[in-house]
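As structure tokens, the structure follows; a few thoughts come after it.
The values are calculated or read from the model by the stated rules, or taken from the named source; none is laboratory data. Model, not experiment: these values are computed from the prediction. Here the Cβ positions follow ideal geometry from the backbone for every residue, glycine too, while neighbour counts run over all protein chains shown.
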Amino acid sequence: MAAQPLSRAPWVVPTWQRLSEALEGGRLGHGLLLAGAGELGQSDLAERLAARLLCEAPAEGLACGSCRGCRLRLAGTHPDLRRIGLLERDDGRLKTEIGVEQIRQLSHWFSLTPQFGRGLVALISPADLLNMAAANAVLKTLEEPAPDRYLLLVCSQLQRLPATVRSRCQKWILQPPAAEVSRQWLQGEGIAARDAAQALEWAAGQPVAALELARDGGLALFREVSEQLDALATGRIGPSELGRIWAGDQPEQRLRAAVAEVARRGWSGEGLTVAGDFTKLAAWSRQADRARALYAVPLRHEMLLVELLQGWRSLHRGRTA
């Protein structure tokens, strides 16, 4: 995901200012944890901090963008910058976790001398997908800090990162902006007011995710899925027919939309008649999430969808017209 410019994400600016002050004051840690619930701009913060650390002629606290270091970084060839993320599998899909061998190679790289003399910067994202062995290897690196070595860990699910790793990092946690701030920001990005409000609901109040949804044509799909779930609940379409439709047209995206729709209904109370409804919706949402994960496995996916949609219809029987 492309990072949003700080100037257009006002809730990120105070954290960036504190980061800059820590750097200028010599208080920046060796291991830095940049996190937020979902994507709130922590990826942008990490990239900008890496740029600032490697820039040879920073101006007003920012990377200049034109020195040798900046040019190499922008070209993806800076020898003192290393990015660690999910690797591709043989089938072209991304792996589901960051492995220990990646971190072992990083630890060796950290022992080398910086080629440009400004230090070594490594960025791990998403750090919350480190497997246990990889997290333990990261912990060893954090416990043996060296001068001018910076390890930036970016994550959106902080609780998934082991407490031992979290405790060794200097934490920079972004908080979600107020709903009105998010709406105004989205409208400033060219999103219509109605679309901005709907996108925020489906994105659980996350403005960056809402912007991606509104810009990528996702709103039309989400609205269609919402209408289809209503039609299924009221018997205007059957699970088998809807399963065939979903299986033949963006099934993983439709499952993602279904999970977001359940969260939206639970948050707003829409369609809920008793307290137990939310628990049932949450259970169905977890089932949909598991189904989405199973799309990486060779299965009869249409049958998987039909079973899921039968569960949705059963959930609503007896309380819909």
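Miscellaneous remarks
- Of residues in the range 214-231 being over 24 Å from W312 (Cα atoms) and in contact (Cβ under 8 Å) with a residue 12 or more places away in the chain, the one surrounded by the most Cβ atoms within 10 Å (Cβ to Cβ): A214
- Restricting the range 232-256 to residues that are of a type in the set (G, A, S) and outside any helix (DSSP H, G or I), the residue that is surrounded by the fewest Cβ atoms within 10 Å (Cβ to Cβ): G235
- Taken as a whole, the structure places E56 among residues that are in the same structural domain as L129 (by TED's automatic domain parsing), surrounded by 14 or more Cβ atoms within 10 Å (Cβ to Cβ) and more than 22 Å from P126 (Cβ to Cβ).
- Within the set L186, L139, the sole residue that is touching an Asp or Glu at 6+ places or on another chain (Cβ under 9 Å) and in a helix (DSSP H, G or I) turns out to be L186.
- Within the range 171-184, residues that are closer than 19 Å to R18 by Cβ have Cβ atoms under 7 Å from residues that are part of a strand (DSSP E or B) and modelled with pLDDT under 95 in these pairs: I173/G36; L174/G36, counting only partners at least 6 apart in sequence or on another chain.
- Members of the range 80-124 found to be assigned to a loop (DSSP other than H, G, I, E, B) and polar (S, T, N, Q), listed by number: T96, S111, T113, Q115
- Residues located in the range 56-79, provided they are assigned to a loop (DSSP other than H, G, I, E, B) and in contact (Cβ under 8 Å) with a residue 40 or more places away in the chain: E56, G61
- Options A204, A196, A263: the member that is under 27 Å from D44 (Cβ atoms), in a helix (DSSP H, G or I), within 18 Å of the chain's Cα centre (by Cα) and of a type outside the set (S, T, Y): A263
- Among residues of the range 143-160, those that are modelled with pLDDT under 95 and surrounded by 19 or more Cβ atoms within 10 Å (Cβ to Cβ), counted: 1
- Among the residues here, R223 does not qualify as within 19 Å of the chain's Cα centre (by Cα) and either in the same structural domain as M303 (by TED's automatic domain parsing) or at pLDDT below 90 (or both).
- Given (1) closer than 15 Å to L123 by Cβ; (2) touching a Pro at 6+ places or on another chain (Cβ under 9 Å), number of the condition C64 does not satisfy: (1)
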